[in-house]
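Every number in this text was worked out from the coordinates using simple rules, so none of it is lab data. Model, not experiment: these values are computed from the prediction. Reconstructed Cβ throughout: ideal geometry from the backbone, glycine too, with neighbour counts over all protein chains shown.
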Amino acid sequence: MRILLAEDDSLLGDGLRAGLRQLGFQVDWVRDGEAAERELRAQPYTAAVLDLGLPRKDGLQVLAAIRQARIATPVLVLTARDTVPDRIRGLDTGADDYVVKPVDLHELAARLRALVRRAHGQPQECLTAQDVVLDPASRTVRRSDVPIALSTREFDLLQAFMLSAGRVLSREQLEQQLYSWGQEVDSNAIEVHIHNLRRKLGSNLIHTVRGVGYMLQREAPSA
Amino acid sequence: MTPASHSLQRRLLMLVLGVVASVWVATAVLTWFDARHELDELLDGHLAQAAAILVVQQGQEMGDDNHGQGVDAPSLHRYAPKVAFQVFHEGRLAMRSANAPQQPMAGANDDFKAGFETVQIEGAAWRVFSAYGSESDVQVYVGEETHSRANILWAVLRSTLLPMAVALPLLALALWWAIHRSVAPMRRLGLTLARRQPDALDPLALDGAPAEIAPMVDALNGLFERIGGLIESERRFTADASHELRTPIAAIRAQAQVALGEADDALRRHALNQTLEGCDRAIHLVDQLLTLSRLEASAVPVMADLDLSALVRQVVADVAPKAIGKGQSLELDAAEAVMVSGNATLLTVLVRNLVDNAVRYSPHAAHIRVTVQRRNGQVCLQVDDSGPGVPESVRKRLGERFFRITGTGESGSGLGWSIVRRIATVHRMTLQVDHSAELGGLAVLVSGTLQADGRSH
């Protein structure tokens, strides 16, 4: 899952980026409101962590602007403004969650997963497609109750597919969801990962739509 | 309120009534003595007059033969029975009133003595006047029972004392009413205070407070205002502290958690170093918050004469390592001792904040100059730097609590300017932020009279 982190404090930003990476997120970090809005408009982030007291443009203004532009990216507001009116204003402006600093990294990660789950209409913590079950919290995958060992990239790719089950995803979209800034992407990296996923999970799960992209089918095709 | 025994009204009433009653009693006693004296004079005069009449009469009727017989002198007045007389001729009783004894009323066994004498006759006290007749063989005694004199005295005194006795309760009532009315404002003040919420700090409004209470109400209102200010500053401190400490604490927490979960040694070290830096920042922030809070809460600090040049030299020496670390050249121009009246601790904080800001926000290899001098009778402390400066539009926002210039890459507390401004105000100095003509960056000038004779407090 690729997350946009908007935080002007260098120590906190550095810590959150490192911590969320440890917990399996791809994190892009911006330090001001204008950059946050620009990135949210440009990239389909799985979710965003937004500080409110940002330079150049206040977090609430950023939030209002992207909601105005019909960008539905789940946004978790992480701020020092702890009064009830602040929380209400934050949520009403378009925040999906409102967390007051300081926060436990694991809790932050869990809240982000919950946001993503809700945004994709998933009632359960675990994502299911055919006989494959993916648990985002423990980052484990089982096929017919047998644990399957996946690399980080393979796991992230499968999660992206499962969150958008039934929709065709282009190679660019998949790359954007998988790689944060500064990470080199080989031109055939996605194909290699998909090949590996098919090998481990069966060839019926991910279909190729030639010239367009790939799609994960939630229900097994009827014989 | 304390019990009624301490009631001001009761005390006033008791005191006034006590004084009035004492004065009345004293007057009565004086009247008693005075009246008795006058009465004695008057009645003694009458006795003497009566004796004189008897002596004259005796001279004419000496030949008459009714020796030793009691003459029924007519009782013409209600006090008359109390009066008796005797006339002796050549030692024999020549005439007496019916109520007079056979023996001479005065000087019975002694030599005859003319004049007044008080004697006991048949158990009663008599006032007797003795006199010689026209010839010395006639002796006249006229006596009067003193008891009757007391009766007259009492009758006289009754007429003055009785109205007094009746008037006292009436006076007490009138006094009670008057005092009750007079202390009403105090009672109202007491009630107003008693009815107030314990945490109410709005000023007391006491309409028509008398001159004696007005200072008390004013003092109380002053106290309320000061406490209100203290609580407000306290409340703001708490709010600010909790708000401003959240970010550094969140950073410390996140970095510590990263360090815990990190397998890579280099990354873990990095996270741990970041944790430490976060702690330093939180400490700096708390220090600044406390300084500002103390500055806002406290009254005028203690001022003493000190050498500002020496003080600045010390601060520059303290900050120099940081400047050297950034490759900056930090220069002090304070050749002469500049004696000022000020608070050393506060001035140190002020100078440290200014120099620290210059070092912190000026880039690598920048030039920073600190100048202390006396100019036109003013003490001037100026800090110039060759840093990026501060745009005109932002300058006036410096000093707002927690206002930070963004994009500097430095993590200040946002309180330094507030502290500097506050300390300058306490020392009646002005703070000017300008473009540095010499070094091209920011120029901060703090100036004031700061007279060392203690006149500028």
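Averaged over its residues, how many other protein chain Cβ atoms are within 10 Å of peptide B:271-280's Cβ atoms? Write down the numbers at each step before the final one.
Working: counts 5, 0, 0, 6, 2, 0, 3, 5, 0, 0.
Per residue, the number of nearby Cβ atoms from other chains is 2 on average.
Check the straight Cα-Cα distances from residue A:101 and name the lysines below 25 Å, setting aside those fewer than 8 residues away within the same chain. Hits, sequence-local ones excluded: A:57. Computed extension gain for residue B:124 through residue B:172, at 0.36 nm per residue and net of the alpha carbon distance, reaches 13.0 nm.
Note on the protein assembly as shown: with charges restricted to the Cβ of Lys and Arg (+1) and Asp and Glu (-1), its dipole about the Cα centre is near 3980 debye.
When A:101, A:57 are sorted by how many other C-beta atoms sit within 10 angstrom of their C-beta, beginning with the fewest, the order is A:57, A:101. When the Cα convex hull of the range A:88-180 is projected onto planes of every orientation, the mean area is 7.7 nm².
Which of the three applies to the range B:240-358, rounded, prolate or oblate, going by the alpha-carbon gyration tensor with a ≥ b ≥ c and a/c under 1.5 meaning rounded? The partial results should precede the final answer.
Working: a/c = 4.79, a/b = 1.75, b/c = 2.74.
Oblate, because a/c is 1.5 or more while a/b does not exceed b/c.
Distance between the 7 Å Cα→Cβ label points at residue B:165 and residue B:337: 8.8 nm.
Taking Cα centroids, how far is the range B:277-326 from the range B:227-267 in Å? Here the two parts' Cα centres lie 21 Å apart.
When you look at the Cβ of every residue in A:103-109, what mean number of other chain Cβ atoms sits within 10 Å? It would help to have the intermediate numbers written out before the result.
Working: counts 5, 3, 8, 2, 0, 2, 0.
Mean shielding by partner chains, rounded to a whole number: 3.
Could you tell me whether the range A:1-115 comes out rounded, prolate or oblate from its Cα gyration tensor? Rule is a ≥ b ≥ c as square roots of the eigenvalues, rounded for a/c under 1.5, then prolate if a/b exceeds b/c, otherwise oblate. Verdict is rounded for the range A:1-115.
For residue B:396, a cut-off of 15 angstrom between C-alpha atoms picks up these aspartates and glutamates, skipping any fewer than 8 places away in its own chain: B:434.
In cubic angstrom, how much convex hull volume per residue do the alpha carbon atoms of chain A span? Could the numbers behind the result be given before it?
Values: hull volume 28.6 nm³, N = 223.
In chain A, the Cα convex hull volume per residue is 128 Å³.
Across all Cα pairs in the range B:302-448, the calculated P(r) in 10 Å bins from zero up to the longest distance comes to 12, 45, 36, 7, 0 percent per bin. Indicate the gyration tensor shape class of chain B (rounded, prolate or oblate), computed on the Cα atoms with a ≥ b ≥ c the square roots of the eigenvalues: a/c under 1.5 is rounded; otherwise a/b larger than b/c is prolate and the rest oblate. Since a/c reaches 1.5 and a/b is larger than b/c, the shape of chain B is classed as prolate.
When only C-alpha pairs under 8 Å and at least 6 residues apart count, what is the relative contact order of the range A:127-216, in percent? All intermediate terms of the calculation are to be shown ahead of the outcome.
Values: 100 pairs, mean separation 26.3, N = 90.
For the range A:127-216, the relative contact order is 29 percent.
Size of the range B:214-293 from its Cα atoms: along the principal axes, largest to smallest, the extents are 75, 17, 11 Å. Relative contact order for the range B:302-448: 23 percent, from Cα pairs under 8 Å spaced at least 6 residues apart, divided by residue count. Note on residue B:265 and residue A:34: with the Förster distance fixed at 41 Å, the Cβ-Cβ geometry gives a FRET efficiency of about 0.65.
What's the extension gain from residue B:182 to residue B:373 if we count 0.36 nm per residue and subtract their Cα-Cα distance?
Working: separation 191, 0.36 × 191 = 68.76 nm, distance 6.30 nm.
That works out to 62.5 nm of additional length.
Cross-link partners of residue A:200 among aspartates and glutamates, defined as those whose alpha carbon lies under 17 angstrom from its own and excluding same-chain residues fewer than eight positions apart: A:131, A:135, A:145, A:154, A:156, A:191. As a length-normalised measure over Cα pairs under 8 Å and 6 or more apart, the relative contact order of chain B settles at 10 percent.
With r defined as the distance between the Cβ atoms of residue B:324 and residue B:276 and R0 fixed at 35 Å, what FRET efficiency is calculated, to the nearest 0.05?
On the way: r = 22 Å, r/R0 = 0.62.
Efficiency at R0 = 35 Å is approximately 0.95.
For the protein assembly as shown, the Kirkwood hydrodynamic radius comes to 36.5 Å, computed from all pairs of different C-alpha atoms.
R0 = 51 Å: FRET efficiency of residue A:210 with residue A:68, Cβ-based, nearest 0.05? After rounding, the FRET efficiency stands at 0.85. Neighbour counting of Cβ atoms within 10 Å sorts the residues A:73, B:118, fewest neighbours leading, into B:118, A:73.
Would you mind computing, in nm to one decimal, how far apart the modelled labels at residue A:138 and residue B:29 are, each placed 7 Å from Cα along Cα→Cβ? Placing both labels 7 Å along Cα→Cβ, they lie 10.9 nm apart. Cβ crowding within 10 Å, taken as a proxy for footprinting-reagent exposure, orders B:287, A:86 from fewest neighbours to most as B:287, A:86. Per residue of peptide A:19-25, the mean number of Cβ atoms on other chains within 10 Å of the residue Cβ is 4.
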